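Q: Have a look at the structure that comes next, please.
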């Protein structure tokens with residue numbers, strides 16, 4: 001139903017409202033950082049680099065994985081110790097033990113591996129320690145990637161909530177003006193109901209956006225080991241760390257970077273070396289071991305004791321590590337297959353991440369420079385058309401929803417581009433921290449850290 005020119009008070013309010021409709025919601029998309037103007041003094045203000053540091057130092061899952069290094073060090077230390085303890089044997093011949101007629105023989109023997117078994121065992125443990133260090137680095141790479149993506153999801157959810165809340169405020173102002181028009185008979189009940197329905201939809205969008213924002217923030221807190229009671233505010237630069245020249249991306253150069261920087265690939269190489277060393281050790285362990293020591297005999301006649309060297313030799317008649325040899329050969333084959341699989345996985349990860357980033361970057365460009373640009377233009381035209389009475393309320397609501405969809409679409413594209421960048425950085429190994437930053441940490445140190453605020457910034 002067409003409507004006439006609104007009354008002067010409503011006409012003025014409508015122009016003000018439309019100015020907000022066309023300006024406030026859409027213009028905010030130009031900058032991804034739009035934090036609240038004020039916050040508590042003890043609010044934890046975190047940027048992406050802060051989230052990544054917290055993920056390394058406080059992620060409960062990663063802290064557990066970091067203990068694998070201490071476990072491997074313990075295994076290496078154990079291999080440096082002689083495998084067998086000395087053996088003491090006492091033999092009595094003749095009379096009762098301890099009697100004058102008793103002839104006592106006392107022997108102390110130490111089993112010694114003389115075929116290089118101990119050296120191979122140490123080598124295998126040392127290689128295993130290196131493999132474990134790469135495994136821990138890979139776990140940190142994935143943890144940082146997950147935390148970074150979680151950070152961007154939380155930021156995007158916050159911005160969507162702000163957009164939905166602003167849209168609700170504008171719809172409620174419009175609804176108040178529509179109710180005045182209904183009382184004055186300027187519009188029909190049908191058009192008024194459309195405004196009521198739109199207000200309800202706007203409230204539903206706010207509730208949905210708030211639920212998503214709370215869920216994203218709690219998930220981020222879990223990833224970085226923050227409790228739910230710490231006041232938190234996230235700060236994200238709209239263009240920081242983005243690849244500006246997409247065409248300069250080369251799949252070959254990215255793959256070369258990944259082949260050097262991916263710790264999971266390096267771990268498979270160490271696993272092959274470890275398996276080969278253990279296979280060689282299995283063959284050497286089938287050799288007989290020498291047992292040397294000293295023996296003493298007490299004479300039953302005069303009670304004198306005579307000492308002399310004692311020798312022994314293990315005889316591998318039954319156990320020659322036949323099954324162990326088969327097992328170790330299979331482990332070598334398994335490690336080599338895992339190495340090949342890792343190479344294919346790295347190549348696939350890089351290819352998928354590169355293509356995903358190209359597509360996401362193009363999507364973000366379209367929304368920022370084409371969709372939002374048209375939305376700005378429509379905002380001005382909408383204000384003029386509605387003020388001149390050229391469009392009715394239903395058309396106004398339809399066009400307003402298009403502006404809102406453009407804003408939500410922008411944030412979806414914003415998030416997709418940054419998630420794709422995180423995926424690309426993870427695929428090429430750029431998110432891998434140094435091994436020195438991933439040493440095992442004492443739980444008491446975590447408790448001391450929990451008693452202090454890890455990062456506190458002045459609220460801008």
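Q: When both residues are 6+ apart or on different chains and their Cβ atoms are under 9 Å apart, which pairs have a first residue that lies in the stretch 426-443 and is under 13 Å from residue 52 (Cα atoms), and a second that is in a loop (DSSP other than H, G, I, E, B)?
A: As it stands, the answer is 426/432; 432/262, since those pairs meet every condition given.
Q: Tell me the residue from 319, 301 that is over 30 Å from residue 85 (Cα atoms) and either loosely packed, with under 14 Cβ neighbours inside 10 Å or modelled with pLDDT of 85 or more (or both), please.
A: Matching residue, one of 319, 301: 301.
Q: Among the residues of the stretch 104-124, which ones are surrounded by fewer than 21 Cβ atoms within 10 Å (Cβ to Cβ) and in a helix (DSSP H, G or I)?
A: 117, 118, 119, 122, 123
Q: Related question: Residues to consider are 324, 281; find the one that is more than 30 Å from residue 253 (Cβ to Cβ), crowded, with 18+ Cβ neighbours inside 10 Å, more than 33 Å from the chain's Cα centre (by Cα) and in contact (Cβ under 8 Å) with a residue 12 or more places away in the chain.
A: 281
Q: Which of the residues belonging to the stretch 183-196 are in a helix (DSSP H, G or I), surrounded by fewer than 17 Cβ atoms within 10 Å (Cβ to Cβ) and in contact with a helix residue (DSSP H, G or I) (Cβ under 9 Å, 6 or more places away or on another chain)?
A: Of everything in the stretch 183-196, those that are in a helix (DSSP H, G or I), surrounded by fewer than 17 Cβ atoms within 10 Å (Cβ to Cβ) and in contact with a helix residue (DSSP H, G or I) (Cβ under 9 Å, 6 or more places away or on another chain) turn out to be 184, 189, 190, 196.
Q: Select, from 239, 230, 244, the only residue that is over 26 Å from residue 171 (Cβ atoms), more than 24 Å from the chain's Cα centre (by Cα), surrounded by fewer than 15 Cβ atoms within 10 Å (Cβ to Cβ) and at pLDDT below 95.
A: Result: 244 is the single residue among 239, 230, 244 that is over 26 Å from residue 171 (Cβ atoms), more than 24 Å from the chain's Cα centre (by Cα), surrounded by fewer than 15 Cβ atoms within 10 Å (Cβ to Cβ) and at pLDDT below 95.
Q: Hey, any hits in the stretch 424-441 for a residue that's part of a helix (DSSP H, G or I) and at pLDDT below 75?
A: Among the residues of the stretch 424-441, not one is part of a helix (DSSP H, G or I) and at pLDDT below 75, which makes the answer no.
Q: Further question on the same structure: Among (1) closer than 30 Å to residue 286 by Cβ; (2) at pLDDT below 70, there is one condition residue 28 misses while meeting the rest; what is its number?
A: Tallying (1) closer than 30 Å to residue 286 by Cβ; (2) at pLDDT below 70, residue 28 fails exactly one: (1).
Q: What are the pairs, 6+ residues apart or on separate chains, where a residue within the stretch 84-108 that is closer than 30 Å to residue 118 by Cα has its Cβ under 9 Å from a residue that is modelled with pLDDT under 75?
A: The qualifying pairs are 90/97.
Q: Of the numbered conditions (1) surrounded by 14 or more Cβ atoms within 10 Å (Cβ to Cβ); (2) at pLDDT 90 or above; (3) assigned to a helix (DSSP H, G or I); (4) touching a helix residue (DSSP H, G or I) at 6+ places or on another chain (Cβ under 7 Å), residue 372 satisfies every one except a single condition; which is it?
A: Unmet condition: (2).
Q: Mind telling me which of the residues 154, 139 ends up being at pLDDT 95 or above, farther than 26 Å from residue 286 by Cβ, buried (at least 18 other Cβ atoms within 10 Å of the Cβ) and out of contact with any strand residue (DSSP E or B) (no Cβ under 8 Å at 6 or more places or on another chain)?
A: Result of the check over 154, 139: 139.
The values are calculated or read from the model by the stated rules, or taken from the named source; none is laboratory data. Owing to the predicted nature of the structure, the values given are computational and were not obtained by experimental measurement. A quick note on method: Cβ atoms are made from the backbone with ideal geometry, for glycine too, and the neighbour counts reach across all protein chains shown.
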